[in-house]
2 protein chains.
Amino acid sequence: MRIAQVAPLCESVPPKLYGGTERVVAYLTDECVRRGHEVTLFASGDSVTDARLRPACRRALRLEGAKVIDPLAHHIGMIEMVAREAYSFDIVHFHIDYLHFPVTRRQRITAVTTMHGRLDIPDVHPVHREFAEMHLVSVSDAQRRPMPWANWAGTVYHGVPENLYQLRIQPGTYLAFLGRISPEKRVDRAIEIARRTGIPLKIAAKVDVVDEEYFESQIRGLLDDSLIEYLGEIGDEEKSEFLGGACALLFPIDWPEPFGLVMIEALACGTPVIAYRAGSVPEIIEEGRTGYIVETLDQAVSAVRRIDALDRRTCRRVFEERFSAGRMCADYLALYRTICDHEPDLTPRDRALSTAAA
Amino acid sequence: MRIAQVAPLCESVPPKLYGGTERVVAYLTDECVRRGHEVTLFASGDSVTDARLRPACRRALRLEGAKVIDPLAHHIGMIEMVAREAYSFDIVHFHIDYLHFPVTRRQRITAVTTMHGRLDIPDVHPVHREFAEMHLVSVSDAQRRPMPWANWAGTVYHGVPENLYQLRIQPGTYLAFLGRISPEKRVDRAIEIARRTGIPLKIAAKVDVVDEEYFESQIRGLLDDSLIEYLGEIGDEEKSEFLGGACALLFPIDWPEPFGLVMIEALACGTPVIAYRAGSVPEIIEEGRTGYIVETLDQAVSAVRRIDALDRRTCRRVFEERFSAGRMCADYLALYRTICDHEPDLTPRDRALSTAAA
């Protein structure tokens, strides 16, 4: 198929450090290319891809720092680039929320949009109700709950390339926390679990500007403990070592997590996950097989004590079956075909638009 | 004419306190109605207007505070409302930057867009180059300088209703500073001018969240002076008293001000303006007639000492001639007619779109 992938411009594809959406777009794009499809990636100019890259800005906007005052302007420009070339693709896969809906509606681009963020924000419901005809993909069934009435084409769980993380059979001696330090990620719970069990905790996490005050006032004091090691933000190449070396990943979230990429990255290393029941967690983690799903600190402490009952080879096998980039790509390709098959033939109006856009 | 005005949703129309764009939209809308035109205003639901109000959100988004996470979603929804009704208007006047360009291009809405912000931000140039066919209005000739290649329909200076501010013939005894406290507005210069001349300075200004650190670290210490009185943010009803009671308005800006509404508000009270040469200033202020244009502190101090040479009745008369809401409205109506006259007849493509949108 002739496929366009349209990524956000905040981070490069893949991102240099943290950045879930752009990472998933990178895995999906390269896997589509590997399977022989003709793929065009619309993304920041410093992206690295096996597809044909169409840069919509020179560098990832987040890197430019204070120099980028208006990131929206770059995204509007990118949508226009996509629209101009839309008729050379069988399908356009958008990863930029609702921003392209007005153009997609008017130009009859065969399009599908993966929702990467939380949908329990009332602000976004009216715009989704207005554009109710758009084909949407959820990254977990839980993510859909605030918008069951939308035109969902399917749920496609994220996937990670199989060779990116290695199974480590021998369990490590510490608990791991990986991601962002922010109120909804609840690193404070992870620290309390480490204290109660007496097992060391390593924290590899970034602190966004908006979370700096939270970090300073609520978290920094808790790090001053011989059990706790704070590593800051780490890159992809360090993650396999960091996650594989842990006896468990702690994922003590307190929000409707849409997916939670770090859970499957841990499983890829054979590391089981102890996660609080919220958002996608019950869909990703199989209780007593690849981890434990808990609702209280007591349950989390008990889960850590039973972690050796879980087989690390099973964790890896479940990752390969359910959360590889290959499986993700196959799911998306099936969806693309379904959507293309059900698109009505071009009407005179579409043809008029097509000419106008060419 | 059947006219639509499309305002930003951050503040109501008019805004409760500070907010230049929404204030100008309010004056223009009510004046169009007064002249017998059929006007529809797309704005936040708490707006107060003589036109037919089409609310695009319940309340001004800025008022909702932390509850509004995604203001963009409301604006995208509003554009869709406008597009659905576009064929019942002779012209749609947008005040929301470039956000509607993709829809306007595809649906052939007869549209004109006033640029209210600074255009010297490189981020926005590519999107304007892409949509180079859009009819734009500048609020000063200076504002156009970074984008001389755009499709400028004209410059329309802002205007204020004649009865909103009263001429005060007797000059007051203090200098006035009104607006925002931020690095580009240079209230520090105003304070230094007051100190050097020994004339009291009253400051009526808000501090945005982004400017709080600047205010605390650079400005607060300067306020501790018996010559300086800091009043915080004031409302419309207090402005006539505040501006009219001053011997001069200080406008010591250090950025390419697109217009600077406060200058004409001062003139409406008969109060002359001492302004630094930047942006729109030389177009608004007539040197030696309605104020003095300066480039250094020494020149500003000298200008304060010569302020009595300016006639306050002249200031008011110039306001009435050049900066009334009536004059602004007449200018815009002339532009609307020119644009409508030059719109080509609907093509089959337009008709197809029109049907599709209806």
Spacing of the two label points (7 Å from each Cα toward its C-beta) at A:Ser226 and B:Asp225, in nm: 5.7
Value at 222 nm in deg cm²/dmol, rounded to 500, when DSSP H runs of n ≥ 4 in chain A each add -39,500 (n - 2.57): -10500 deg cm²/dmol
Ranked packing of B:99-107, A:22-30, most packed first, by mean Cβ within 10 Å: A:22-30, B:99-107
Burial ordering of A:Ile234, B:Ile253, fewest other beta-carbon atoms within 10 Å first: A:Ile234, B:Ile253
Ordering of B:133-139, B:224-230, A:176-182 by packing [mean C-beta count within 10 Å, highest first]: A:176-182, B:133-139, B:224-230
nm² value of the averaged projected area, convex hull over the Cα atoms of chain A: 17.7
Contour minus Cα-Cα distance for B:Arg277 and B:Arg180 (0.36 nm per residue): 33.1 nm
Förster-model FRET efficiency, 41 Å R0, B:Asn163 and B:Ala132, C-beta, rounded to 0.05: 0.50
Number of partner chain Cβ atoms within 10 Å, mean per residue of A:94-102: 3
Binned Cα-Cα distances of the protein assembly as shown, short to long, each 10 Å bin given as a whole percent: 3, 13, 20, 21, 17, 14, 9, 3, 0, 0
Relative contact order [Cα under 8 Å, 6+ residues apart], chain A, whole percent: 16
Positive minus negative residues near B:Pro148 (Lys, Arg vs Asp, Glu; Cβ under 14 Å): +1
Cβ neighbours within 10 Å from other chains - mean over B:70-79: 6
In order through region B:252-261: 3J(HN,Hα) via Karplus (6.51 cos²θ - 1.76 cosθ + 1.60), integer Hz, x for Gly, Pro: x, 5, 9, 7, x, 3, x, 9, x, 3
For B:Asp298, inter-copy label distances in nm, listed shortest first [label point 7 Å out on the Cα-Cβ vector]: 8.0
Simple label model, 7 Å out from Cα along Cβ direction - A:Asp90 to B:Asp90, nm: 5.1
At 7 Å out from Cα toward Cβ: A:Glu229 inter-copy label distances (nm, ascending): 6.4
C-alpha center-to-center spacing [region A:1-27, region A:198-276] in angstrom: 22
In degrees, nearest ten, helix B:312-322 long axis to first principal axis of chain B (Cα): 10
27 Å tail of the calculated P(r), region B:1-133, as % of Cα pairs: 16
Orientation-averaged projected area, Cα convex hull of region B:149-289 (nm²): 9.9
Using alpha-carbon coordinates, inclination of helix A:71-85 to the longest axis of chain A, degrees: 50
Binned Cα-Cα distances of region A:109-150, short to long, each 10 Å bin given as a whole percent: 28, 63, 9
Total charge dipole magnitude, the protein assembly as shown, about the Cα centre, Cβ charges on Lys, Arg, Asp, Glu only, Debye to nearest 20: 960
Where labels lie 7 Å past Cα in the beta-carbon direction, separation of B:Val48 and A:Glu295 in nm: 5.1
Computed FRET value (nearest 0.05) for A:Arg35 with A:Glu241, which takes r as the C-beta separation and R₀ as 25 Å: 0.25
Two-site FRET efficiency, A:Asn151 against A:Tyr214, from Cβ-Cβ distance with R₀ of 35 Å, rounded to 0.05: 0.45
Candidate lysines - alpha carbon under 17 Å from A:Lys185, same-chain residues fewer than 8 apart omitted: A:Lys202, A:Lys206
10 Å Cβ neighbours from other chains, averaged over peptide A:122-133: 5
Residue-span extension gain [A:Arg195 to A:Leu17] - 0.36 nm each, minus C-alpha spacing: 61.2 nm
Sequence of B:Glu237, B:Glu257, A:Glu283, B:Glu343 once ranked by neighbouring C-beta atoms within 10 Å, starting from the fewest: B:Glu237, B:Glu343, A:Glu283, B:Glu257
Charge dipole magnitude, Cβ of K and R +1, D and E -1 - region A:102-147, Cα centre, debye nearest 20: 140
Extended-chain gain in nm, criterion 0.36 nm per residue less alpha-carbon gap, A:Trp255 and A:Lys206: 15.8 nm
Point-charge dipole on Cβ atoms (K/R +1, D/E -1) for chain A, about Cα centre, debye to 20: 560
Using a 7 Å Cα-to-Cβ projection, B:Glu212 label spacings across copies, nm, ascending: 1.3
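Throughout, read-outs are computed from the coordinates displayed, never taken from laboratory work. What you see is a predicted model, and the numbers here were worked out from it, not measured in a lab. Every residue, glycine among them, receives a Cβ derived from its backbone with ideal geometry; neighbour counts consider all protein chains shown.
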